Amino acid sequence: MNYFIIGFYALLIGGSSLAAFYQKRTIFLLLFSLTLVSFVMGIVGGESALWSVTIMAGIIAFSAGVSYSFREFLVIILPKESAKIIRTAPLTAAFGLFIIFTYTITGVFAPVIAPYGESEIISQAFEPANEKMLLGADQLGRDMFSRIVYGARNSVGLALLATLLAFFMGAIGGLLAATKGGKFDQFMSRVIDVVMSIPSLIFALLLLSIFGTNVVTLIIVIAIIYAPRVFRLARSVAGNIVVMDYIEAAKLRGEGTWYLIRKEVLPNATAPLIAEFGLEFCFVFLLVAGLSFLGLGIQPPTADWGSMVRENATLISFGELTPLIPAGAIALLTVAVNFVVDWMLYRSSGLKE
Amino acid sequence: MGDILNIVLKRLGLGLLTLLVISVIIFGAVELLPGDIAEAVLGQGATKENVAAMREQLGLDRAAPIRYFEWLGGAVTGDFGNSLVSQKPVSEAIGSRFANTLFLAVYAAVIAVPVAIFLGILVALYRNTVFDRVANVLTLTSISAPEFFLGYVLILFFAVKWGMFPAISNIDDDMSLLDKLERTFLPALTMVLVVVAHMMRMTRASIINLLASPYVEMARLKGVPAWKVIVKHTLPNAWAPIINVVALNLAYLITGVVLVEVVFVYPGIGQMLVDSVTKRDFPVVQACCLIFAGTFILLNLAADIGSILTNPRLRHPK
């Protein structure tokens with residue numbers, strides 16, 4: 001028994017007792033289950049397991065703190081209307097916004113942040129971290145940290161472009177199908193059904209094996225694969241809108257299809273479409289990461305998170321964590337976007353039960 | 001009963017039609033190659049004679065529709081032509097690998113399905129509590145992480161740090177089942193983590209959806225305990241969506257297996273697909289795609305038919 005273990009349990013049990021005394025049920029449940037988990041972990045894994053629990057709790061508390069301050073910050077700087085919305089956002093959503101903000105900054109200012117160029121060879125292969133390199137070198141002796149920073153620009157940028165294209169095609173197709181109806185709608189819907197019944201990764205592999213892997217084909221292929229999802233949503237959302245009286249009135253006024261879509265349907269369909277954009281981005285981002293991981297995405301020497309994981313995977317068998325950082329970066333951004341989307345869906349659907 | 005049979009048959013026909021259209025897409029996609037297969041495979045340095053010889057060998061001089069029907073006829077009987085790289089029949093290489101992939105998928109499914117449904121019902125029961133919130137964050141994280149991230153994290157801890165399971169799952173047919181199960185534990189666990197999260201969320205959502213319906217309100221007002229409301233009143237109506245969820249996720253397992261197989265160097269059909277895509281071995285790519293797409297459609301079909309059959313309103317028509 002050393003001081004760390006005694007302090008650890010004293011803090012947890014003291015905390016839970018205080019929470020119980022002040023009738024804070026949620027906090028009590030949280031702290032006490034943490035205590036029980038640590039008992040088990042401590043018995044199985046010894047002191048090091050307790051350290052991991054402490055570090056994990058610390059990280060969670062830290063992220064909660066950051067999210068809280070970021071939310072307060074947003075509430076202060078934003079105009080009144082948006083501030084009102086942000087104020088009610090749960091901490092997870094604020095956390096998501098913060099992460100997205102960080103990634104954007106990293107991507108935009110990549111050349112300023114990264115100490116070296118993305119394909120600049122500066123040392124031996126797999127050199128461990130030193131004062132020159134924060135995370136060590138990769139399999140060719142390039143600075144891992146710089147490549148991760150550039151990866152934020154390349155991987156996220158590519159996924160964003162592909163999502164935008166998919167969204168553009170899908171949304172216009174869907175809105176058009178719903179507004180026009182009839183034969184066009186039937187035809188488009190059948191085509192979409194077929195495309196959606198092919199698993200996306202398999203479809204992507206098929207198309208990439210034929211058209212080869214360069215950035216432009218990659219973006220187009222991914223957009224084609226994911227446009228049907230947007231099409232379906234846009235069509236079903238717009239389907240509920242086009243039966244409204246004001247659409248009827250506009251039609252009687254003699255407005256054209258394009259005017260109907262732009263001025264009457266679209267403004268009423270934005271909320272679900274924006275949430276879908278977030279979800280779509282997650283899918284696309286994961287698909288791009290998977291393809292790059294398989295060596296079929298962005299080609300070297302351009303830094304990209306998916307391929308970085310593959311290239312440095314050998315390090316994992318030596319117990320190194322560095323190859324997991326780009327993979328973790330992918331996961332973190334997807335989680336962040338999902339958190340924000342979750343909150344937006346909750347807001348727009350009014351799912352209260 | 002006639003109604004149900006009708007619907008099921010209609011659905012089956014639609015599934016077959018979709019499969020047919022997809023086979024056209026898979027075949028037609030290769031026809032879209034700039035030039036043709038012979039030129040694409042042999043590259044720019046090939047002599048005219050070489051290209052002509054290869055065209056001859058592949059029968060490219062005949063019209064595309066004829067070749068399509070030949071290919072389809074072969075595929076139905078299990079003959080996918082010869083690989084361009086090894087010149088051996090594709091079906092030979094695929095057979096055992098497909099069995100391996102199925103083994104892995106079934107292994108993961110056997111663990112994942114009961115766990116996911118149980119946990120899904122549990123979080124639906126304790127919705128909007130701390131337990132539910134934590135589960136929500138955890139499942140969201142697990143869905144959002146790419147499969148290879150989960151796979152490598154598991155390797156790092158279970159294989160490298162703790163040495164409990166092998167990091168590479170190279171199995172062959174001579175191994176005993178127990179050996180195989182141990183070797184493939186980590187890839188199966190990776191898929192379980194992803195699939196359980198998906199299934200849990202979908203189960204929770206479908207149950208909560210039902211909890212808002214009037215007959216549940218009625219049962220509650222009668223004073224039925226919460227768990228009984230779920231088990232007796234909600235679950236029978238929730239089977240349709242749950243079966244749907246399960247089948248969709250099994251379909252996901254079959255395709256999500258590609259990345260996991262590559263991470264764990266597992267001799268399955270997914271790894272083969274990726275290899276042949278890099279080598280541009282089109283007959284193998286076509287065969288693998290057809291198998292994956294076929295399985296995917298079949299499972300979706302099973303989901304639809306399952307949800308039709310379990311729908312109480314269709315089973316007891318007025």
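The values are calculated or read from the model by the stated rules, or taken from the named source; none is laboratory data. Just so we're clear, the structure is a prediction, and the values are computed from it rather than from any experiment. As a convention, Cβ positions derive from the backbone with ideal geometry for all residues, glycine included, and neighbour counts pool all protein chains shown.
If you go through the stretch B:142-160 and pick out every residue that is touching a residue at least 24 places away in the same chain (Cβ under 8 Å), farther than 11 Å from A:Gly319 by Cα and hydroxyl-bearing (Ser, Thr, Tyr), you end up with 1.
Could you tell me whether any residue of the stretch A:279-287 is closer than 30 Å to A:Ala250 by Cα and at pLDDT 85 or above? Checking the stretch A:279-287: not a single residue is closer than 30 Å to A:Ala250 by Cα and at pLDDT 85 or above. Applying the condition of being polar (S, T, N, Q) and in contact (Cβ under 8 Å) with a residue 12 or more places away in the chain to the stretch B:161-193 and asking which residue is nearest to the other protein chains (Cβ to nearest Cβ) yields B:Thr190. Within the stretch A:191-210, residues that are more than 7 Å from chain B (Cβ to nearest Cβ) and farther than 11 Å from A:Leu287 by Cβ have Cβ atoms under 9 Å from residues that are among the hydroxyl-bearing types (Ser, Thr, Tyr) and crowded, with 22+ Cβ neighbours inside 10 Å in no pair, counting only partners at least 6 apart in sequence or on another chain.
Pairing each residue of the stretch A:141-161 that is polar (S, T, N, Q) with any residue that is surrounded by 21 or more Cβ atoms within 10 Å (Cβ to Cβ) and outside any helix (DSSP H, G or I), provided the two are 6+ apart or on different chains, yields C-beta distances under 7 Å for A:Ser146/A:Ala114; A:Ser146/A:Glu118; A:Asn154/A:Ile298; A:Asn154/A:Ala303; A:Asn154/A:Asp304; A:Ser155/A:Asp304.
When residues in the stretch A:327-350 are screened for being assigned to a helix (DSSP H, G or I), small (Gly, Ala, Ser) and more than 8 Å from every other protein chain (Cβ to nearest Cβ), 4 of them pass. Screening B:Phe292 on (1) touching a residue at least 40 places away in the same chain (Cβ under 8 Å); (2) within 9 Å of chain A (Cβ to nearest Cβ); (3) not β-branched (Val, Ile, Thr) shows it passes everything except condition (1).
Kindly indicate whether A:Leu218 is touching a Gly at 6+ places or on another chain (Cβ under 8 Å) and surrounded by 21 or more Cβ atoms within 10 Å (Cβ to Cβ). So A:Leu218 passes the test. On inspection, A:Leu296 passes the criterion of being outside any helix (DSSP H, G or I), within 9 Å of chain B (Cβ to nearest Cβ) and either closer than 25 Å to A:Val216 by Cα or touching a strand residue (DSSP E or B) at 6+ places or on another chain (Cβ under 9 Å) (or both). Every test in (1) assigned to a helix (DSSP H, G or I); (2) at pLDDT below 85 is passed by A:Ala234 save one, and that test is (2). Looking across the stretch A:297-324 at every residue that is among the β-branched types (Val, Ile, Thr) and crowded, with 20+ Cβ neighbours inside 10 Å, the one that is farthest from A:Leu206 (Cα to Cα) is identified as A:Thr322. Taking A:Ile261 as the residue in question, decide whether it is under 22 Å from A:Leu164 (Cα atoms) and within 22 Å of the chain's Cα centre (by Cα). When the stated conditions are applied, A:Ile261 does not pass them. Within the stretch A:172-188, the set of residues being of a type in the set (Lys, Arg) and either touching a helix residue (DSSP H, G or I) at 6+ places or on another chain (Cβ under 8 Å) or buried (at least 22 other Cβ atoms within 10 Å of the Cβ) (or both) comprises just one member, A:Lys180. A count restricted to the stretch B:229-250 and to residues that are surrounded by fewer than 23 Cβ atoms within 10 Å (Cβ to Cβ) and under 13 Å from the mean Cα position of the chain (by Cα) stands at 2. If we scan the stretch B:260-278, do we find a residue that is of a type in the set (A, V, I, L, M) and more than 30 Å from B:Arg183 (Cα to Cα)? Within the stretch B:260-278, not a single residue is of a type in the set (A, V, I, L, M) and more than 30 Å from B:Arg183 (Cα to Cα). Can you name every residue in the stretch A:237-257 that is small (Gly, Ala, Ser), surrounded by fewer than 13 Cβ atoms within 10 Å (Cβ to Cβ) and assigned to a helix (DSSP H, G or I)? Result: A:Ala249, single match.
Matching residues to (1) within 14 Å of another protein chain (Cβ to nearest Cβ); (2) surrounded by 19 or more Cβ atoms within 10 Å (Cβ to Cβ); (3) in contact with a helix residue (DSSP H, G or I) (Cβ under 6 Å, 6 or more places away or on another chain):
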site: B:Glu92; (1), (2), (3): no, no, no
site: B:Ser96; (1), (2), (3): no, no, no
site: B:Leu102; (1), (2), (3): no, no, no
site: B:Val134; (1), (2), (3): yes, no, no
site: B:Pro146; (1), (2), (3): yes, yes, yes
site: B:Gly151; (1), (2), (3): yes, yes, yes
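Restricting attention to the stretch A:258-296, the residues that are of a type in the set (Ser, Thr, Tyr) and either closer than 30 Å to B:Phe264 by Cα or buried (at least 20 other Cβ atoms within 10 Å of the Cβ) (or both) total 1.
Taking the criterion of being of a type outside the set (Ser, Thr, Tyr), without any contact (Cβ under 8 Å) to a residue 60 or more places away in the chain and facing chain A (nearest Cβ under 9 Å), the residues of the stretch B:248-284 that qualify are B:Ala251, B:Val258, B:Leu273, B:Val274, B:Val277.
Those helices (runs of 4 or more DSSP H) of the stretch B:268-318 in which at least 1 residues are under 16 Å from the mean Cα position of the chain (by Cα) and modelled with pLDDT under 85, considering only elements entirely within it, cover B:282-309. Note on the stretch A:76-155: enclosed helices (runs of 4 or more DSSP H) holding 2 or more residues that are crowded, with 18+ Cβ neighbours inside 10 Å are A:91-108.
The lone criterion from (1) free of Cβ contacts under 8 Å to residues at least 12 places away in the same chain; (2) under 18 Å from A:Phe168 (Cβ atoms); (3) small (Gly, Ala, Ser) left unmet by A:Ala275 is number (1). Among the residues of the stretch A:314-326, those identified as outside any loop (DSSP other than H, G, I, E, B) and at the interface with another protein chain (Cβ under 7 Å from one of its Cβ atoms) are A:Ile316, A:Ser317, A:Leu324.
Of these, A:Thr88, A:Thr92, which one is of a type outside the set (A, V, I, L, M, F, W, C), modelled with pLDDT under 85 and within 23 Å of B:Val137 (Cβ to Cβ)? Steps first, answer last, please.
Working: A:Thr92 fails: modelled with pLDDT under 85.
Every option except A:Thr88 fails the conditions.
Quick one: is A:Glu248 in contact (Cβ under 8 Å) with a residue 12 or more places away in the chain, more than 14 Å from every other protein chain (Cβ to nearest Cβ) and out of contact with any strand residue (DSSP E or B) (no Cβ under 6 Å at 6 or more places or on another chain)? Criteria not met by A:Glu248. Within the stretch A:99-127, the set of residues being over 23 Å from A:Ile298 (Cα atoms) and touching a residue at least 60 places away in the same chain (Cβ under 8 Å) comprises A:Ile99 only.
When the stretch A:299-312 is limited to residues that are in contact with a Pro (Cβ under 7 Å, 6 or more places away or on another chain) and free of Cβ contacts under 8 Å to residues at least 40 places away in the same chain, the one that is nearest to the other protein chains (Cβ to nearest Cβ) turns out to be A:Val309.
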